[in-house]
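Peer 1: Pasting a structure here, questions to come.
Laboratory data are not the source of any read-out in this text; all were calculated from the coordinates shown. For clarity, every value in this text was computed on a predicted model and none was experimentally measured. All Cβ positions, glycine included, derive from the backbone under ideal geometry; neighbour counts span all protein chains shown.
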Amino acid sequence: MKIKLRGATVTDETRAEHNQQTRMPILIGFFVVMAVLLWLFTHVGTFFGIPSPEDVFGTFAEIVDYDFDSDGNVDSQLRVQSTDFWPDNDSGRAWLFGAICGAFLSGYFRPLRYKRPSYVFWFLAAFDLLYGWHLTTMFLTGHLFLYLLLHGPHRKNTELLSTAFGMLATLLTWVETTELKYLLLYMSAGGATSWAAFNYVLNPVLTSQHQAAKLIPAIAMHLPFLAIYGGIYYELASGVKWDKSLAVIIFMYQWARLITYHMDYRDGEVPKDLPLLHYLSVFLSPAVIPNYRYAPYLAQGYTYLESSFYNNDKNSIITGGLKLWSIAIFYLIFGEYIVDCFKHYMVSQWNVPVYKFISSMVEDYCDGTPMSTPTVLLSTICDQYRIFLLWGAVTHFKVGTWRVLGYNVDPQYNKPWLATNLANLWSRFAFHYREFLVRAVYYPVFFRVFRNNTSLRIFTAIMVATIIGNPFWGHTPAKLIYNGITFERFFRLILRSWPYYILLGLGISLCHLYLMRKVRTRKPWTRDRWFVVDILCSYLTIQYFSLIHVFIRPQSNSNLWDHVKLFLIGLGIHLD
């Protein structure tokens with residue numbers, strides 16, 4: 001069954017209408033916001049002799065106890081992964097912002113058919129400047145291989161692309177001591193071998209009615225996901241940690257995008273003869289570079305991006321992107337400061353210790369520090385709002401980048417404090433991640449089990465999505481890719497955190513079942529006598545969601561019983 005979560009088909013004629021008007025205020029607004037970003041988070045101001053943010057706001061920062069970077073810029077999580085090629089993060093951000101400027105101008109002024117190819121060009125230019133040609137070639141070669149498996153049999157230029165793949169793959173083995181004439185010979189041999197393999201081995205299989213025609217592309221698109229769990233088994237069996245290059249890490253962080261793209265392809269939503277540059281534009285965009293660790297599932301797949309590209313007037317979409325960038329700047333500057341102020345206020349005015357990190361609270365509790373119910377409740381909420389401000393900053397910047405490039409992408413966070421039940425919070429707090437789990441896990445279960453009992457099938461599908469899909473498809477890949485694929489981390493992340501997923505699934509499913517049977521008589525947050533009830537429901541929803549996170553922060557000195565006791569303390573039950 002074909003499932004299309006959001007968006008309708010947008011024709012090129014409609015996009016052409018949305019691409020007509022050029023407005024100078026939009027261009028000025030873009031460069032003003034970009035100039036602020038460059039001044040706050042890079043060395044561009046110093047290069048031009050402009051006072052740094054610390055020079056301008058230093059006195060005020062001393063009053064409010066705000067810390068700047070050692071170089072006088074604003075510290076933030078809007079990171080570009082450091083390498084030996086660009087060890088300085090501020091310089092890396094400057095090159096990234098420059099690529100975004102180039103992509104924006106190319107997209108704003110160029111004809112419709114050239115917009116998305118130009119985004120691929122600017123991605124490759126930025127990636128090459130940031131990480132070097134070897135990593136760029138490795139990343140591009142991986143996507144070329146996947147493209148050949150999915151679309152190669154349906155394209156006329158398969159021979160050329162398969163040859164190019166073989167030559168690029170051979171180029172990756174080049175070392176500085178290899179003479180150029182031998183390198184050309186090796187690349188020619190690699191290209192010929194690849195051409196023969198694709199045309200006489202793979203293509204006949206992929207175009208046949210054999211089950212392998214579906215199985216091979218499916219396995220290939222799941223390779224990052226499978227490699228993660230393969231690395232866990234490898235470390236467990238051999239005792240050797242799997243070491244991987246940065247290009248492999250970044251490629252693996254596209255696991256959700258690849259899986260969703262394959263689901264779109266499988267459901268017939270992707271043209272079989274899709275051009276290469278159109279395929280690459282799904283994955284190679286300047287919007288995916290900044291802090292790729294955070295929310296790698298943003299704007300995943302083909303169908304969603306295709307339905308959001310120029311689906312409205314381009315100036316309206318860009319304006320929305322600039323607004324999100326402005327919010328991101330506010331979060332990046334004041335996010336940590338807001339959390340710290342809350343901590344200091346609760347201690348100074350109410351004498352209630354509040355932890356910024358749940359993990360610190362767990363460690364102290366296991367070391368014998370007594371915890372009160374207000375401390376547990378406020379610390380769990382504090383930690384969640386810290387995460388919201390941190391991830392909200394980065395994801396708003398990413399979504400804003402998609403928008404200034406013409407993609408009307410939904411924000412990851414949509415005013416989660418307005419949620420009056422857990423089901424609504426789950427969609428407001430992590431929209432794109434929820435959509436991924438719904439598409440990848442919820443629907444396959446929902447359409448296969450308990451077809452004669454709607455309540456039971458909804459309950460089962462939600463529980464499977466949260467207990468199996470959420471940890472094994474969501475939390476584990478993102479955390480293990482960067483921190484290291486080891487069984488010990490897998491055990492701590494999943495096998496010791498299972499109560500969190502069960503409590504989350506129960507909360508969401510029971511809310512869904514209740515809302516199915518409840519006849520809605522009013523809209524939440526209507527200013528009437530029930531408004532206070534909305535406030536109470538919002539607090540209880542956020543508090544429950546925050547409190548169950550004590551189970552997902554296991555520490556080396558904690559066990560499951562310690563987390564159970566902390567959870568009960570939050571409910572006012574002290575077992576110590």
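Peer 1: How large is the Kirkwood hydrodynamic radius of the range 12-315, in angstrom, based on all distinct alpha carbon pairs?
Peer 2: Over the range 12-315, the inverse of the mean reciprocal pair distance is 21.9 Å.
Peer 1: Filter the chymotrypsin sites (Phe, Trp or Tyr not before Pro) in the range 404-513 down to the DSSP loop ones having no more than 12 other Cβ atoms within 10 Å, then list what survives.
Peer 2: F447
Peer 1: Calculate the tail of P(r) for the range 133-198: the fraction of all Cα-Cα distances greater than 19 Å, expressed in %.
Peer 2: Value for the range 133-198: 31 percent of Cα pairs lie more than 19 Å apart.
Peer 1: Taking only DSSP H segments of four or more residues, each worth -39500 (n - 2.57), what value at 222 nm results for the chain once the sum is divided by all its residues, to the nearest 500 deg cm²/dmol?
Peer 2: Per the formula, -20500 deg cm²/dmol.
Peer 1: Fewest first, what order do C382, C341 take by the number of other Cβ atoms within 10 Å?
Peer 2: With the fewest neighbours first, C382, C341 line up as C341, C382.
Peer 1: Further, regarding this structure: Of all chymotrypsin sites (Phe, Trp or Tyr not before Pro) in the range 173-233, which ones are in loop regions per DSSP and have a Cβ with at most 15 other Cβ atoms within 10 Å?
Peer 2: Passing both the DSSP loop test and the Cβ count: W174.
Peer 1: Where does each of Y131, Y337 land when they are ranked from fewest to most other beta-carbon atoms within 10 angstrom?
Peer 2: Exposure proxy ranking, most exposed first: Y337, Y131.
Peer 1: Could you give the angle, 0 to 90 degrees to the nearest 10, between helix 255-266's Cα long axis and the longest principal axis of the Cα atoms of the chain?
Peer 2: Here the helix axis deviates by roughly 60 degrees.
Peer 1: Just want the answer: with Cβ charges of +1 for Lys and Arg and -1 for Asp and Glu, which residue in L140, V80, A126 is farthest toward the dipole's positive end in the range 12-315?
Peer 2: Farthest towards the positive pole: L140.
Peer 1: What Kirkwood hydrodynamic radius do you get for the chain when you take the inverse of the mean 1/r over all pairs of distinct Cα atoms, in Å?
Peer 2: 26.0
Peer 1: Relative contact order for the range 12-315: what is it in percent, counting Cα pairs under 8 Å that are at least 6 residues apart?
Peer 2: 23
Peer 1: Which angle between 0 and 90 degrees, to the nearest 10, do you get for helix 454-464 versus the longest principal axis of the chain when only C-alpha atoms count?
Peer 2: Orientation of helix 454-464: about 80 degrees from the principal axis.
Peer 1: My understanding is that a pair violates if its Cα-Cα distance is over 31 Å; which of K343/K415; K272/K415; K314/K479 do that in this structure?
Peer 2: Working: K343/K415 22 Å; K272/K415 38 Å; K314/K479 36 Å.
From the list (K343/K415; K272/K415; K314/K479), the Cα-Cα distance tops 31 Å for K272/K415; K314/K479.
Peer 1: Given an 8 Å cut-off on Cα distances and at least 6 residues of separation, report the relative contact order of the chain as a percent. Spell out each step's value before the answer.
Peer 2: Details: 743 pairs, mean separation 92.7, N = 576.
After rounding, I find 16 percent.
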